[in-house]
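Chemist: Structure provided below as structure tokens; questions to follow.
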Amino acid sequence: MKRDLLRLTDLTREEIGWLLRATARLKEERKKGIAHPHLAGKSLGMIFYKSSTRTRVSFEVGMVQLGGHPVVLDGRQLQMNRGETVGDTAKIFSRYLDALVIRTYAQDEVEELAREASIPVINALTDMYHPCQILTDIFTIAEKRGSLDGVKVAYIGDGNNVTHSWLLGSAILGLNLAVATPTGYEPDAGVVDTALGIARGSGAKIELGNDPAAAASGADVIYTDTWISMGQDEEAAARRKAFHGYCVDEALVARAKKDALVMHCLPAHRGEEISAGVMDGPRSVVWDEAENRLHTQKAILLFLLRPGARELYS
Ligand code: CP
Ligand code: NVA
């Protein structure tokens, strides 16, 4: 049966473990100049209804490095934008392509596409989730620290799609996550409930609050994201006001462990959610984090398109 990656609960802890190991191997092979054309002859459709720099280019280049063929589609130029149904589109694409990546607004649309398609569908960001990003982030933390054991991640800022995926990822893997958001910008209550439920079994410690200093205290990783996500431009002024005091700056980073990593999914807004000094400072690993998107995407594609690769990179 085909698999999809629509949210991190589509994966087990063991499967995420495989994705992290495969990412490391794919990155190493690429650095050594060893080709890995495991998806030769396969085609990947990529539908974007929202802007993207990293996700689009890393999936496109990743597919080429795997020997496959990426087809990038501007959602606004598809007949779906003129009323062709998601179901009909899914059926058509299933006849041409081997998998679909989609970035759009509604999670429901991605779920419907996945239900109607006979090929794997990958969520490349919705208003609700950004699973591929958090897989890369977790890989980057493991790569930098050598292990995920006992890691405390402090997420400072908006309770958004990235926060939701962090909640699920931490819960599945048993990490410690402290989230600090302004009042009124907390993560979705349903996602929090799901994460807390999973955490009871995995041993993850998940804390939610409104105090950035308390969340950052003793953290191994300080993580932030934009205060104004795609589709929220009209709320920009109100959000900038509400998020006053939530900037990841030098004073906040000083609350974390001395060797703490600073991460950001990017794009960043220096002087808003992160100070220029922190973003470009010695604790920041944002460029490595962005580079790792390339190798994580390849692991995701192999996982979904070539189950045999699981033995190859076991
Ligand atoms: N982090 C991330 O998803 O970046 P893009 O919006 O550039 O794809
Ligand atoms: N929360 C941000 C993430 C961008 C990668 C957004 O949805 O715009």
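None of the figures in this text is laboratory data; all of them are computed from the coordinates on show. In this text, all values refer to a predicted model and were calculated from it rather than measured experimentally. Cβ coordinates were reconstructed from backbone atoms using ideal geometry, including for glycine residues, and neighbour counts include every protein chain displayed.
Chemist: Sort through 256, 214, 260 and tell me the only one that's under 22 Å from residue 133 (Cα atoms), in contact (Cβ under 8 Å) with a residue 24 or more places away in the chain and more than 16 Å from ligand 1 (Cβ to nearest atom). Explain how you work it out, then say what you get.
Modeler: Numbers: 256 fails: under 22 Å from residue 133 (Cα atoms); 214 fails: under 22 Å from residue 133 (Cα atoms).
Residue meeting the stated conditions: 260.
Chemist: Could I ask something else about it? Filter segment 110-127 down to the residues that are within 16 Å of ligand 2 (Cβ to nearest atom) and buried (at least 21 other Cβ atoms within 10 Å of the Cβ) and list them by number. Break it down stepwise before answering.
Modeler: Of all residues in segment 110-127, those within 16 Å of ligand 2 (Cβ to nearest atom) come to 110, 122-127.
Once the filter is applied, which keeps residues that are within 16 Å of ligand 2 (Cβ to nearest atom) and buried (at least 21 other Cβ atoms within 10 Å of the Cβ), segment 110-127 yields 110, 122, 123, 124, 125, 126.
Chemist: Sort through 242, 214 and tell me the only one that's away from ligand 2 (no atom under 16 Å from the Cβ) and aliphatic (A, V, I, L, M). Step through it out loud before you land on a result.
Modeler: Working: 242 fails: away from ligand 2 (no atom under 16 Å from the Cβ).
Going through 242, 214 in turn, the sole match is 214.
Chemist: Filter segment 283-299 for residues that are crowded, with 23+ Cβ neighbours inside 10 Å and in contact with a strand residue (DSSP E or B) (Cβ under 6 Å, 6 or more places away or on another chain) and give the result.
Modeler: Scanning segment 283-299 gives a single hit, 289.
Chemist: Select from segment 141-164 the residues that are more than 16 Å from residue 55 (Cα to Cα) and within 15 Å of ligand 1 (Cβ to nearest atom) and list them in ascending order.
Modeler: Just the residues of segment 141-164 that are more than 16 Å from residue 55 (Cα to Cα), to begin with: 141-160, 163-164.
If the condition is that a residue be more than 16 Å from residue 55 (Cα to Cα) and within 15 Å of ligand 1 (Cβ to nearest atom), then 155, 157, 158, 160, 163, 164 are the ones that fit.
Chemist: Let me ask something additional. Pairs only if they're at least six apart or on different chains, beta carbon under 6 angstrom, first in segment 47-64 and outside any helix (DSSP H, G or I), second more than 12 Å from ligand 2 (Cβ to nearest atom); list them, first residue then second.
Modeler: Every condition considered, the pairs that remain are 47/73; 47/75; 47/102; 48/75; 49/75.
Chemist: Still on this model: Only one residue in 190, 201 is surrounded by fewer than 17 Cβ atoms within 10 Å (Cβ to Cβ) and within 22 Å of residue 126 (Cβ to Cβ), so which one is that? Spell out the reasoning first.
Modeler: On the way: 201 fails: within 22 Å of residue 126 (Cβ to Cβ).
Answer to the check: 190.
Listed here are the residues, each with its yes/no results for (1) on the phi > 0 side of the Ramachandran plot; (2) part of a helix (DSSP H, G or I); (3) of a type in the set (A, V, I, L, M, F, W, C).
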residue	(1), (2), (3)
105	no, no, no
119	no, no, yes
122	no, no, yes
127	no, no, no
133	no, yes, no
138	no, yes, yes
144	no, yes, no
150	yes, no, no
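Chemist: Residue 17 fails exactly one of the following numbered conditions: (1) outside any strand (DSSP E or B); (2) crowded, with 17+ Cβ neighbours inside 10 Å. What is the number of that condition?
Modeler: That leaves (2) as the condition not met.
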